[in-house]
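Asker: One structure follows; several queries about it will come next.
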Amino acid sequence: MSKELKINLEHPRFNDEFFGFKKIEEYFLEILRKKRISNAYLFHGIKGIGKSTFAYRLARCILGKNDLENTKSLYIPKEDKVFKNVMNLTHPDLNIIESDIENKKINIEKLKLINKKTFSTSLESNYKIIIIDSLDDFTSKKSFSSLLKLLEDCPNNCIFFLISHSLYNVPATIKSRCQKIYFNPIPDSTLRKWFEKSQLINNKNLDVLINLSNGSLGKAIELINNEECFNVYSRAKDIITNFKKISKKEIDDFFSLFNNNFLLEDFLLIIQINIIQNIKKLISKKDISKLLINVYISIFFEINKRIKNLSSFNLDKTQTLNSIKYIFIKHSENLSKL
């Protein structure tokens with residue numbers, strides 16, 4: 001991809017296209033025809049897969065079509081008044097709860113804003129719709145408790161579309177009140193076919209893109225827009241492959257590649273993917289280095305632990321990164337002594 005070519009990542013509410021989840025679309029068309037729409041749906045799956053895009057697509061259909069039992073498509077064109085109102089956040093029967101741009105969090109005060117709206121009368125449609133994107137950004141147990149009360153007392157004409165990138169982090173009480181809709185990762189073969197036909201990425205980086213995107217089109221586009229990812233991937237591959245011989249300076253130089261163009265989680269994911277690939281290579285050999293495999297596994301789970309703590313306790317990213325770098329140095333030095 002040329003340095004000038006970037007893909008414009010618009011908010012999901014601007015998107016009138018939706019691909020790859022025909023069965024989910026058909027499922028909702030069927031329940032709309034039979035008038036069996038529920039009060040709460042939990043859309044879950046990896047980030048960037050299309051959960052929010054579908055939530056807005058479904059919301060536009062419900063808010064914009066009076067004859068839902070006869071509808072044959074969820075599609076609403078961009079020229080339609082409902083599409084424009086949803087896009088501009090001016091539709092009176094749609095309420096959106098999203099994380100703050102700066103701190104990526106949803107606090108309980110935001111949930112209080114929709115308390116009255118949940119029980120108010122719809123103005124232009126038969127339903128009111130509330131989209132919460134995402135539950136992963138909730139800051140406290142009180143926020144989930146507040147949401148639970150809304151779900152328990154929700155009137156028949158109000159529908160919640162809840163987004164989560166990790167079902168594991170959603171309390172059982174919330175899950176029990178929702179119909180769970182799973183958005184599975186896009187197959188690698190499908191992603192490969194899409195990008196092979198495009199001119200968005202050089203063929204030499206295509207395998208790296210497929211590995212890092214993890215079945216997420218949104219993640220793939222983010223990677224294409226940040227060419228540094230491919231350099232970091234290459235350097236991580238060198239570090240992991242030559243771990244027995246790597247020096248402290250080389251480890252320091254690698255971790256210095258982290259900057260504000262990356263999420264720390266993405267930077268660490270690049271390391272973990274390379275660890276997994278090297279474990280697979282070692283296992284495929286007849287002469288298996290059990291010691292090195294155990295070191296890789298140890299580093300992998302140490303990274304997992306720190307990512308979880310980073311999210312749970314809002315820890316400092318620099319300290320987290322330095323602690324992982326120290327783990328690398330410690331294991332490398334231990335291996336060099338053998």
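The values are calculated or read from the model by the stated rules, or taken from the named source; none is laboratory data. Keep in mind the model is a prediction, meaning the values are calculated, not measured. Please note: Cβ atoms are built from the backbone with ideal geometry, for glycine as well, and neighbour counts cover all protein chains shown. These accessible areas exclude ligands, DNA and RNA; they are computed on the full protein's heavy atoms, side chains included. Shrake-Rupley method; radii C 1.70, N 1.55, O 1.52, S 1.80 Å.
Asker: Could you give every pair whose Cβ atoms fall below 8 Å, whose first residue belongs to the range 70-84 and is over 23 Å from Lys35 (Cβ atoms), and whose second residue is open to solvent by 40 Å² or more (accessible area, probe 1.4 Å) and in a helix (DSSP H, G or I), counting only separations of at least 6 or pairs across chains?
Answerer: Lys78/Lys84; Lys78/Met87
Asker: Could you count how many residues in the range 249-274 are assigned to a helix (DSSP H, G or I), more than 23 Å from the chain's Cα centre (by Cα), surrounded by fewer than 17 Cβ atoms within 10 Å (Cβ to Cβ) and free of Cβ contacts under 8 Å to residues at least 60 places away in the same chain?
Answerer: Matching residues across the range 249-274 total 3.
Asker: Here's something else I'd like to know. Would you confirm whether any residue within the range 37-52 is open to solvent by 50 Å² or more (accessible area, probe 1.4 Å) and more than 22 Å from His11 (Cα to Cα)? Lay out the reasoning, then the answer.
Answerer: Quick first cut of the range 37-52, residues open to solvent by 50 Å² or more (accessible area, probe 1.4 Å) only: 47.
Those left that are additionally more than 22 Å from His11 (Cα to Cα): none.
Checking the range 37-52: not a single residue is open to solvent by 50 Å² or more (accessible area, probe 1.4 Å) and more than 22 Å from His11 (Cα to Cα).
Asker: From the list Ile221, Ile246, Ile210, which one is assigned to a loop (DSSP other than H, G, I, E, B), aliphatic (A, V, I, L, M) and either at pLDDT 90 or above or open to solvent by 10 Å² or more (accessible area, probe 1.4 Å) (or both)?
Answerer: Only one candidate passes the filter, namely Ile246.
Asker: Name the residues in the range 53-73 that are of a type in the set (S, T, N, Q) and either under 10 Å from the mean Cα position of the chain (by Cα) or over 18 Å from His11 (Cα atoms) (or both), would you? I'd like the intermediate steps shown before the answer.
Answerer: Taking the range 53-73 as the starting set, the residues that turn out to be of a type in the set (S, T, N, Q) are 53, 66, 70-71, 73.
Result: Asn66, Asn70, Thr71, Ser73.
Asker: I'm trying to understand the selection: among the residues of the range 53-84, which are open to solvent by 50 Å² or more (accessible area, probe 1.4 Å) and either among the aromatic types (Phe, Trp, Tyr) or part of a strand (DSSP E or B) (or both)?
Answerer: Tyr75
Asker: If we keep just the residues of the range 224-243 that are open to solvent by less than 20 Å² (accessible area, probe 1.4 Å) and assigned to a helix (DSSP H, G or I), which is nearest to Ile49 (Cα to Cα)?
Answerer: For the range 224-243, the residue satisfying everything is Ile224.
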